[in-house]
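Taking it in order: structure first as structure tokens, then the write-up.
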Protein chains: 2
Amino acid sequence: MPAKKPSQNQHDQDTEHRFLRSDARRNLDSLLNAAMAVFETSGVDAPMKEIAGKAGVGVATVYRHFPQRSDLIVAVLAQQIDACADAAKVFAADYAPNEALSRWMQRYIDLVAKKRGFAGALHSGDPAYAGLAPYFFKRMEPALAGLLADASSAKVIRAGVTAGDLLTAVVRLCHGPQGEEPAYARSMTRLLLEGMACGTKE
Amino acid sequence: MPAKKPSQNQHDQDTEHRFLRSDARRNLDSLLNAAMAVFETSGVDAPMKEIAGKAGVGVATVYRHFPQRSDLIVAVLAQQIDACADAAKVFAADYAPNEALSRWMQRYIDLVAKKRGFAGALHSGDPAYAGLAPYFFKRMEPALAGLLADASSAKVIRAGVTAGDLLTAVVRLCHGPQGEEPAYARSMTRLLLEGMACGTKE
DNA sequence: GACAAAACGGAATGACATTCCGTATAAACG
DNA sequence: CGTTTATACGGAATGTCATTCCGTTTTGTC
């Protein structure tokens, strides 16, 4: 028998490590990186061949890991969601509460505003993407809630603003016409945050 | 010489009559109807062949009238925008100001909420759809402005709400998750309108 | 009725997504 | 180290469209 017994798989997203041969793991990582890069430059409708090429694998390899095109898109998105949510812990550890909050919001805006076609996929009604919005909130809400709690107990922001409300508001603010600069979202969000401040401005 | 001289073309959208042979005109109408029906049932990604088939023409005929797939989508959308905008005059003539306003808003919501993939196309960033949003406003804004003015001078709504604001607000309200029932948008919009009323409720 | 411009329909063409299949390779075993 | 075999691989089919081409059919004029 070639392989020992599988242990377990951890949670829910496709980026997870079930039990992969070492080369398969390497290709999977390469694939996710390539896909992220290509989606950013050519949009989510880029040909599979381009992604496979950039990852240095054949197309069949892409399909073995991601049976449908949408699975790859979901995986990339989930990875970015995870990265953004996880950044909250880092900022919280490295900066004062208000600074941490502010920096994380930048990060969040960059993710939400840089929607090269992702938004279209999300709102397309395709059931393949149905789980993403819930996942988005499941990850983001606790991340922001922690930062808000810190800022709130440090008395730099007023209480009473929920994480969910803020997340949603920013998403909507970023939902303007396609080519819109993230600068708009940033400035609108700055207003939001200043509005939440405790009047301790300069 | 086969045809007499062209007269002129009227305005901007593709649904316009430049100078067409009778059969071409017939096919164009048939095509627009077929496309509207197919888009509604199968979504905007339906194969051209399906549309051409339902219209009883060959695919080449579709492409002669609409060089790109997006041109057909734009034409159908423009037609629906026109129909909705034009309905304002009819309602204004047939009903009391508040009733006319209310009925037109229903019509408008039905158009905006019934976004079988159209929203995705609009927000896709594809330059082919760049002109649609401006066109949408150019047609809708005057239509609603007239109704609002009537209702305002009849003292059934308070002044100070602009047509543009209202149009945008409703679009945003309808912008929820894909499968969302129009009932949600309707009830939210009812709230908006009641909020605008002059306190003359029962 | 004859003619030429305008339209037509269906058969190419070309780009993809997705699937198939013979080959190569990592891991367990001797 | 060699053998073995399940896994994984890559590139060549296959199938589905959008879009284009071209020989044939209409339409409007004379």
Condition broken by B:Gly125, with the remaining ones in (1) part of a helix (DSSP H, G or I); (2) free of Cβ contacts under 8 Å to residues at least 60 places away in the same chain satisfied: (1)
Candidate set from the stretch B:112-141 (those that are of a type in the set (Lys, Arg) and at the interface with chain A (Cβ under 10 Å from one of its Cβ atoms)); member that is most open to solvent (accessible area, probe 1.4 Å): B:Arg116
Some residue of the stretch B:31-44 being modelled with pLDDT under 95 and open to solvent by 60 Å² or more (accessible area, probe 1.4 Å): yes
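Restricting to the stretch B:60-72, what's the tally of residues that are assigned to a helix (DSSP H, G or I) and crowded, with 20+ Cβ neighbours inside 10 Å?
Filtering the stretch B:60-72 down to residues assigned to a helix (DSSP H, G or I) leaves B:60-65, B:69-72.
Applying the additional criterion that residues be crowded, with 20+ Cβ neighbours inside 10 Å yields B:62, B:72.
Total satisfying the criteria: 2.
Does A:Gly53 meet the test of being over 27 Å from B:Gly125 (Cα atoms) and either modelled with pLDDT of 95 or more or more than 14 Å from DNA strand C (Cβ to nearest atom) (or both)? It would help to see each step written out before you state the result.
Working: over 27 Å from B:Gly125 (Cα atoms): no; either modelled with pLDDT of 95 or more or more than 14 Å from DNA strand C (Cβ to nearest atom) (or both): yes.
Against the criterion (over 27 Å from B:Gly125 (Cα atoms) and either modelled with pLDDT of 95 or more or more than 14 Å from DNA strand C (Cβ to nearest atom) (or both)), A:Gly53 does not qualify.
A quick yes/no check of all residues on (1) more than 8 Å from DNA strand D (Cβ to nearest atom); (2) hydrophobic (A, V, I, L, M, F, W, C); (3) at pLDDT 95 or above; (4) exposed (fewer than 14 other Cβ atoms within 10 Å of the Cβ):
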site	(1), (2), (3), (4)
B:His17	yes, no, no, yes
B:Asp23	no, no, yes, yes
B:Met48	no, yes, yes, no
B:Gly58	no, no, yes, yes
B:Val74	yes, yes, yes, no
B:Gln79	yes, no, yes, no
Sole exception among (1) in contact with a His (Cβ under 8 Å, 6 or more places away or on another chain); (2) within 14 Å of chain B (Cβ to nearest Cβ); (3) of a type in the set (A, V, I, L, M, F, W, C) for A:Val44, by number: (1)
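The values are calculated or read from the model by the stated rules, or taken from the named source; none is laboratory data. None of the values given here were measured: they were computed from a predicted structure. Using ideal geometry, Cβ is built from the backbone for each residue, glycine included, and neighbour counts are taken over all protein chains shown. For the accessible areas, the whole protein counts, side chains as well, though only heavy atoms, and no ligand, DNA or RNA atoms are used. Shrake-Rupley method; radii C 1.70, N 1.55, O 1.52, S 1.80 Å.
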